[in-house]
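Okay, structure first, notes after.
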């Protein structure tokens, strides 16, 4: 049985993919589990999800940046992906590390989130920075994923972001975007639970 890629192997693939996207001037933002990890509580994630505003003119240069056998990228798969707007993969066969690249969706909510993306130093020790979806957008996306799949992992990720970023999040924006996405009830429940947890934690800290 193959061993899953290590966190370092995933991080190294991310660094290289981001360097290629930036060199080719392809706008992007990191989303999904890796973004939730950066904004929230540490956990293992087996791959990286990146939304890309890629055009057909970028395909050949992008494929050339990932030569075999060190990497696997399908040119035909990329062309089909851009035509049908579904993800394509960059895989490092030696480690099993994988990046899922998602062509920027055409719906207004996704476009607005992409426009809000921000530059974050996610690894201060090595000085690594990249463009991420905002914490608010990642949280709402996790609530949507929870509603669609029922996976508690997405709800834990959303809670981790809320608790870790407490006091920094724009709660009114989250409420508005959650309502538009049809997940406002889940958001309100999560917010109430988090507020209770934070209040109990503060009370515990003030005990003599």
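The values are calculated or read from the model by the stated rules, or taken from the named source; none is laboratory data. Small disclaimer: the values here were computed from a predicted structure and weren't measured. Please note: Cβ atoms are built from the backbone with ideal geometry, for glycine as well, and neighbour counts cover all protein chains shown.
Quick notes
Rundown of residues vs (1) in contact (Cβ under 8 Å) with a residue 60 or more places away in the chain; (2) assigned by TED's automatic domain parsing to the domain that holds residue 180, yes/no style:
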{"position": "69", "(1), (2)": "no, no"}
{"position": "92", "(1), (2)": "yes, no"}
{"position": "96", "(1), (2)": "yes, no"}
{"position": "109", "(1), (2)": "yes, no"}
{"position": "116", "(1), (2)": "no, no"}
{"position": "146", "(1), (2)": "no, yes"}
{"position": "163", "(1), (2)": "yes, yes"}
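- Only listed residue being over 30 Å from residue 152 (Cβ atoms) and surrounded by 12 or more Cβ atoms within 10 Å (Cβ to Cβ), chosen from 22, 41: 22
- Residue check for residue 54: assigned to a loop (DSSP other than H, G, I, E, B) and surrounded by 15 or more Cβ atoms within 10 Å (Cβ to Cβ): yes
- Some residue of the stretch 25-32 being surrounded by fewer than 20 Cβ atoms within 10 Å (Cβ to Cβ), more than 29 Å from residue 160 (Cα to Cα) and under 19 Å from the mean Cα position of the chain (by Cα): yes
- For the stretch 165-185, the tally of residues that are touching a residue at least 60 places away in the same chain (Cβ under 8 Å) and within 14 Å of residue 135 (Cβ to Cβ) stands at 2.
- Filter pass, residue 62 being farther than 30 Å from residue 164 by Cβ and in contact (Cβ under 8 Å) with a residue 12 or more places away in the chain: yes
- For beta carbons closer than 9 Å, sequence separation of 6+ or different chains, a first residue in the stretch 37-59 that is not assigned by TED's automatic domain parsing to the domain that holds residue 13 and a second that is surrounded by fewer than 19 Cβ atoms within 10 Å (Cβ to Cβ) and not in a helix (DSSP H, G or I), there are no qualifying pairs.
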